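Here's the structure, in structure tokens; my notes come after.
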Amino acid sequence: MSETPILWIVTLAAVALTLWRSRRYVATLALAPGASRFDQPWRRLEGLAIAIGLHRKMLRKQLSGILHALIFVSFFVLFTVTIEAFGSRLFPGFSLAPIGGDSWIALLQDLFAVLMLVGLGLAVYQRYILKPARFRGSSGNDAAIIYALILLIVSSLLIEAGARIVGGADGSWRPVASLVADLLRVLSVQAHPTEQIAYWVHIGAILAFLVYIPGSKHRHMFLAAPNIYFRNLEPAGTAPAVPPERENPGVASLAQFDWKQQLDLLSCTECGRCQAVCPAYASGLPLSPKMLITDMRDALADETSTPLVGGVIAEETLWACTTCRACMEACPVEIEHLPKIIDMRRHLVDEGHVSPMLQDALSNLTRLGNSMGKPSKMRARWTKELGFPVKDARSEPVDVLWFVGDYASYDPRVQDVTRKVAELFTAAGVDFGILFDAERNSGNDVRRVGEEGLFETLAQSNIDAIRECSFNRIVTTDPHSLNALKNDYRHFGAEFEVLHYTALLAELVTAGRLDIAPAGGATVTYHDPCYLGRYNGGFDAPRDLIKAAGYALHDMPRCRENSFCCGAGGGRIWQGDDGVKERPSENRIREALGLGVGIFVVACPKDKVMYTAATDALGVAGQLKVVDVAELIRLREAPAAEGYDRIEGGAING
Amino acid sequence: MKILVVLRMIPDSAGELELTGDGRGIDREWLDFQLNDFDDHALEEAILLKEAAGATVVAVAIGEGSNRVLQMAVARGADEAIALEAEADGMIDSRAIAGSIVALARSKAADLVLCGVQSTEDLFGQLVPYAGARLGWPHVSGSSRLSIEASALRVTQERGGGIAATYEIALPAVIGVQTASKAPRYVSGSKLREASKTAMGKAASEPAGFERSAEIVALRLPGQRGTGENLGDNPENVADRLASILAAKGFAGV
């Protein structure tokens, strides 16, 4: 029997086996609910080009990025070898020689075979010598099998080319294969049988790789590109709405996830970058964003698996998430962890499965519009200690409508900051007013805890109250309110211009409307709140304010997009610390202590609460003061007991 | 089986209590109202009985914010919701509402009336005996578990010293619930919104049916008992201040 029919049979059998092994995934994707991800093709392609062509996120981890780029590029060059290997014998007479298969293509193949081996060597070095913690929980066998197959594919192609040179072929465009040929001559092997064996080993390894792919993380070779192309283009801060065709608000089985959410599961490369940045994982809670995805992925292939929520994914896992979005920011293939967690939480909430503490907070929010259980009449009580009245935006027009938020309004640890912000606005001549008892919790974290119905009630109540007012812009104290008002309320057709108080203050400083007495240039550090920075891109205004106030900024290693969550978001602030080995806030304070600065600047009321508690718990409150960026600003005409002096005196701490 | 549950709205104790001008009532104008906690348990027990043995649950709410609480009751599983007309801005007086509850129990052909064992405005738990007496039905107060065993009701009642007595009572009956067999469930916002589409019934108040006996002539707010002093967090200042307080109180001869 000649080689051609044999190769046809083997190839077709391998392709058929591969399709058969993929059948369940194909079926589940075909049957999944729809998702509208086909808009804006150019923007999608542009992002895809950056993600893959420039390896943008991949290169954030240098070694991984470089080794992946080497393997990735070499794969494409060596694909010409595969084309030749199969083409020449499936279709006798086929050859790449007319376009340079024996000259420049041969040279590239030779060089990239070596680069592929270098990439492979680095991968092996990283996985088995460096052993990054992010690989914990990833399949080690899967990686090892692929390393072996790549080694087999590359070495067989070099041996095949070398044997051909021994048999008299021209080796002038194949420097590496010529070296292999020298080695073969030394070993005095017979040219033709060696070439044949190497060829069939090469073919066998490639087909084995193909058949192996559907069950392995190397699916990403086919799925990463579509998964990145179909990525979410909505603002990061908009939580996915409940699709109208869904009967209940939540998701109780994998089949209820739309095709993109399911494609996410199949695209995971188990690289663990999400796990490495997850505050819940770092604190010892039973959540690894990577394992969340791989557990669901494995369940997708296993029809006998237990129920999704409370089975495949434990309830504690879902409640551990702070919705800080670090995982999604880190993921090189644009997997969307949060929509899945929120949808599964929605199911738990709908079933009434919430912890007693969370139930209290949600009941308070239902009844009173704030999580603390305080009467709404007391919401604006902080204004009583101001030396001036605050306008009621419900009864008179204002330029800026200030949405104060629960913590800034009610928490005694934050009220001083709220008053300071009011004083700064007044000093700058801002015409502002508040909603008094008509304000409700913005619902940002209510939504992310999975309480969609309550979120709708809160949002609608706020939107109704806001629409009754005459104003130009909204400013919020809390980054969480900022996010809800700016991004989530769009679901209700409410498009407000919303900015964070740090943005407004920075604007006032630029306009010269705040007469600041700069401090002496002491060095401080700054914590980027998740919902201001990563979610809404508010990185620079707080930094500008710190500089304007007369301080030098020393950023922590994890800053800006890589900021480390305080642990309060996504409703975690309403839940207990059970199972927490190290609170994320304390982890963060330790990071700041390493810098040797004396002031830890925050720009979120929850951060003031969380980090004040953390410095107290660690006994370092005297060493590192937690100060809101507004408190740093000292005005020239301001009374003596203001800003920095008070902070230095320690009186503000508490 | 038909269960009637009484839900009373009481002033939120986290608010600031102020007296009315005549000093005989609490000024309700600036207060938030919430469901009496024991009544919340009564509702839960009714729903648990419905789930275990099958029943129709009629929720009757009294006071400001009744509609909101009735929505919640429907979302949790009540079949019918009725807002009982009550004296505006008044205390929910068990003696006064007993007649209305009795009338509703009869008109709805209830087999079982459940209400919280007490409320902040009925600290001695008089609604259950009043209603039981007017209906001529047996009544037990302070239940911690209800179950239906062969068409009779079993009531576990908490007593002093951790002792629990279990009664078997023939229906119809009136029970004052202290705690439900399980903590009141959480009902999600989406279910609440769904329930808001249910029509709420109304019932007029009925005469109390008791002779006038006593009425409130004066109400007094909790007395101010002196406030604590925050000693701050500077250890030296705290120590100095503590020493001087102890000296002033005669505890130490500094």
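Annotations
- Count of residues meeting criterion [open to solvent by 20 Å² or more (accessible area, probe 1.4 Å) and at positive phi] in the range A:243-292: 1
- If the condition is being at positive phi and crowded, with 22+ Cβ neighbours inside 10 Å, then the range A:324-338 contributes only A:325.
To keep it simple, each residue is scored yes or no on (1) within 26 Å of residue B:194 (Cα to Cα); (2) hydroxyl-bearing (Ser, Thr, Tyr).
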{"residue": "B:20", "(1), (2)": "no, yes"}
{"residue": "B:26", "(1), (2)": "no, no"}
{"residue": "B:42", "(1), (2)": "yes, no"}
{"residue": "B:59", "(1), (2)": "yes, no"}
{"residue": "B:77", "(1), (2)": "yes, no"}
{"residue": "B:97", "(1), (2)": "no, no"}
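- Which numbered condition residue A:466 misses (of (1) assigned to a helix (DSSP H, G or I); (2) crowded, with 23+ Cβ neighbours inside 10 Å; (3) in contact with a strand residue (DSSP E or B) (Cβ under 8 Å, 6 or more places away or on another chain)): (2)
- Pairs, first in the same structural domain as residue A:585 (by TED's automatic domain parsing) in the range A:265-294, second surrounded by fewer than 24 Cβ atoms within 10 Å (Cβ to Cβ), C-beta under 6 Å, six or more apart: none
- One residue from A:546, A:573 being within 30 Å of residue A:451 (Cα to Cα), outside any loop (DSSP other than H, G, I, E, B) and either touching a helix residue (DSSP H, G or I) at 6+ places or on another chain (Cβ under 7 Å) or modelled with pLDDT of 95 or more (or both): A:573
- Verdict on residue A:395 being more than 13 Å from every other protein chain (Cβ to nearest Cβ) and not hydrophobic (A, V, I, L, M, F, W, C): yes
- Which listed residue is open to solvent by less than 20 Å² (accessible area, probe 1.4 Å), within 29 Å of residue A:190 (Cβ to Cβ), in a helix (DSSP H, G or I) and in the same structural domain as residue A:219 (by TED's automatic domain parsing), from A:151, A:78: A:78
- Just one of the listed residues (B:165, B:239, B:199, B:214) is more than 14 Å from chain A (Cβ to nearest Cβ) and in a strand (DSSP E or B), and it is B:165.
- Unmet requirement for residue A:472, which otherwise passes all of (1) of a type in the set (S, T, N, Q); (2) modelled with pLDDT of 95 or more; (3) surrounded by fewer than 24 Cβ atoms within 10 Å (Cβ to Cβ); (4) in contact with a Gly (Cβ under 7 Å, 6 or more places away or on another chain): (4)
- Residue list for the range A:469-503, restricted to those being in a loop (DSSP other than H, G, I, E, B) and either hydrophobic (A, V, I, L, M, F, W, C) or within 14 Å of chain B (Cβ to nearest Cβ) (or both): A:469, A:471, A:494, A:496
- Residue A:394 vs. criteria touching a Leu at 6+ places or on another chain (Cβ under 8 Å) and assigned by TED's automatic domain parsing to the domain that holds residue A:626: yes
- Residues within the range A:420-462 that are among the aliphatic types (A, V, I, L, M), open to solvent by less than 10 Å² (accessible area, probe 1.4 Å), more than 10 Å from chain B (Cβ to nearest Cβ) and closer than 30 Å to residue A:249 by Cα, tallied: 2
- Checked against the criterion of being at pLDDT below 95, buried (at least 17 other Cβ atoms within 10 Å of the Cβ), β-branched (Val, Ile, Thr) and in contact with a helix residue (DSSP H, G or I) (Cβ under 9 Å, 6 or more places away or on another chain), the range A:212-222 has at least one qualifying residue.
The values are calculated or read from the model by the stated rules, or taken from the named source; none is laboratory data. A quick note: this is a predicted structure, and the numbers were derived from the prediction, not measured. Note that we place each Cβ from the backbone using ideal geometry, even for glycine, and neighbour counts take in every protein chain shown. Ligands, DNA and RNA are excluded from the accessible area calculation, which covers all protein heavy atoms including side chains. Shrake-Rupley method; radii C 1.70, N 1.55, O 1.52, S 1.80 Å.
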